[in-house]
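Novice: Mind looking over this structure? Questions follow.
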Amino acid sequence: MEERGAMVSNKQVVLRDYVSGFPTVEDMEVRRGEMKLEIPRGSKAVVVKNLYLSCDAYMRLLMNRTTTDLLTPYTPGSPISGFGVAKIVDSGSPKFKVGDLVWGTTGWEEYSLITNPEGLSKIEHTDVPLSYYIGILGIPGMTSYVGFYKVCSAKKGDTVFISAASGAIGQIVGQFAKLTGCYVVGCAGSKEKVDLLKSKFGFDDAFNYKEERELAAALKRYFPEGIDIYFDNVGGEMLDAVLVNMRAHGRITLCGMVSQYSSDSPVGVTNLMHAIYKRVRIEGFAIADHMNEYSKFLEFMLPHIREGKIVYIEDIAEGFENGPSALVRIFNGRNVGKQLVVLARE
């Protein structure tokens, strides 16, 4: 265990400057600094040793200069941040003691001083992999749970389509759909991912969107009677094609739009009249509004994992030096499953 008060070397991933277009490894650099493993006197902060770091699509939005209601951009020249699993090294917070395992927002560095630890959650269940707390038991899992059961209002017999279906969220939503008794089809960007959807996650069917010249026609093949629920992770042309294929009183859940995050001229949606004709409900949501349901979510999800009713695929990059390339992988579709970086396992 790291000794409280020790001065240690601290590698960090730093954003060089705001990004235009697709992010590259060159947009970031790994720097080595020093840090004292001690909170400021009288502070309620914590010092953590980071174990696992999560690579998430929303992080691309933080590389822009623009501030939104939900997102504050990174500061060039400073470490980037994201979700992680960590161990408490020093604590002034009554919520956490030295040695506790936690998950939440942390820096992309070996050690972090977190001045406001209210956003951290203590990990109580360690019979599942710790990395799951930035995946199936973290924000991706919660997003899937709220998005599918609450926003989609899913019910048995619904026809369900999921884009980016083998990713951190899509793979969970598809399994929820099968547990509910739905017919579910997903799309992904490679044969390997399509095979995974059908063989590992139990999707009824799947296709490689890169091989389809006409997305609307492809969806018509898989959903001849139309789509009840579309769980949208990509936006753009796929969302436009889905609108043509929705059934009356269908529901579209806007979870993410990864196809648009790196674009300076986003693709417009031209088929919105179909939402009127078919009385389609289109709803976006932010998981930050639903975190009060986390304990209820854990009660639901943990037994499903322990009993093997839901499986989860991770794409794990080893070591700090591979952090930037791991993050970039999710924007060019090279990851298979939830992309994360392991810095230390304890």
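The values are calculated or read from the model by the stated rules, or taken from the named source; none is laboratory data. Quantities reported herein were computed from a predicted structural model and do not represent experimental measurements. Please note: Cβ atoms are built from the backbone with ideal geometry, for glycine as well, and neighbour counts cover all protein chains shown. We work out accessible area using only protein heavy atoms, side chains counted, and drop any ligands, DNA or RNA first. Shrake-Rupley method; radii C 1.70, N 1.55, O 1.52, S 1.80 Å.
Novice: On the given criteria, is Ser263 among the polar types (S, T, N, Q) and surrounded by fewer than 17 Cβ atoms within 10 Å (Cβ to Cβ)?
Specialist: yes
Novice: Collect the residues in the range 95-144 that are crowded, with 22+ Cβ neighbours inside 10 Å and aromatic (Phe, Trp, Tyr), keeping them in residue-number order.
Specialist: Within the range 95-144, Trp103, Trp108, Tyr111, Tyr132, Tyr133 qualify.
Novice: Restricting attention to the range 72-82, which residues are of a type in the set (A, V, I, L, M) and either in a strand (DSSP E or B) or open to solvent by 40 Å² or more (accessible area, probe 1.4 Å) (or both)?
Specialist: Hits for the range 72-82: nothing passes.
Novice: Another question, if that's okay. Out of Lys97, Lys87, I need the residue that is more than 21 Å from Ile310 (Cβ to Cβ), touching a strand residue (DSSP E or B) at 6+ places or on another chain (Cβ under 7 Å) and not in a loop (DSSP other than H, G, I, E, B). Which one?
Specialist: The match here is Lys87.
Novice: Which of the strands (runs of 3 or more DSSP E) found entirely inside the range 192-257 contain at least 1 residues meeting this: within 13 Å of Ser166 (Cα to Cα) and open to solvent by 10 Å² or more (accessible area, probe 1.4 Å)?
Specialist: 205-208
Novice: Does any residue of the range 127-144 turn out to be of a type outside the set (A, V, I, L, M, F, W, C), outside any helix (DSSP H, G or I), more than 26 Å from Leu254 (Cβ to Cβ) and out of contact with any Gly (no Cβ under 8 Å at 6 or more places or on another chain)?
Specialist: Within the range 127-144, one or more residues are of a type outside the set (A, V, I, L, M, F, W, C), outside any helix (DSSP H, G or I), more than 26 Å from Leu254 (Cβ to Cβ) and out of contact with any Gly (no Cβ under 8 Å at 6 or more places or on another chain).
Novice: So which residues in the range 1-35 are within 22 Å of the chain's Cα centre (by Cα) and at positive phi?
Specialist: Gly21
Novice: How many residues are in a helix (DSSP H, G or I) and touching a Phe, Trp or Tyr at 6+ places or on another chain (Cβ under 7 Å) when one looks only at the range 100-126?
Specialist: Result for the range 100-126: 1.
Novice: For the range 264-306, name all the residues that are touching a residue at least 40 places away in the same chain (Cβ under 8 Å) and within 22 Å of Met63 (Cα to Cα).
Specialist: Asp264, Phe285, Ala286, Ile287, Ala288
Novice: Only one of these conditions is not met by Val160: (1) in a loop (DSSP other than H, G, I, E, B); (2) closer than 12 Å to Val184 by Cα; (3) open to solvent by less than 10 Å² (accessible area, probe 1.4 Å). Which number is it?
Specialist: (1)
Novice: While we're here: Kindly list, by first and then second residue, each pair from a residue in the range 181-200 that is farther than 23 Å from Lys220 by Cβ to a residue that is open to solvent by 80 Å² or more (accessible area, probe 1.4 Å), limited to pairs with Cβ atoms under 6 Å and residues at least 6 apart or on different chains.
Specialist: Pairs that qualify, where the first residue is farther than 23 Å from Lys220 by Cβ and the partner is open to solvent by 80 Å² or more (accessible area, probe 1.4 Å), are Gly181/Lys156.
Novice: For the range 1-66, please list each of the strands (runs of 3 or more DSSP E) lying entirely inside it that holds at least 2 residues being of a type in the set (S, T, N, Q), touching a residue at least 12 places away in the same chain (Cβ under 8 Å) and over 17 Å from Asn322 (Cβ atoms).
Specialist: Strands (runs of 3 or more DSSP E) meeting the threshold: 7-15.
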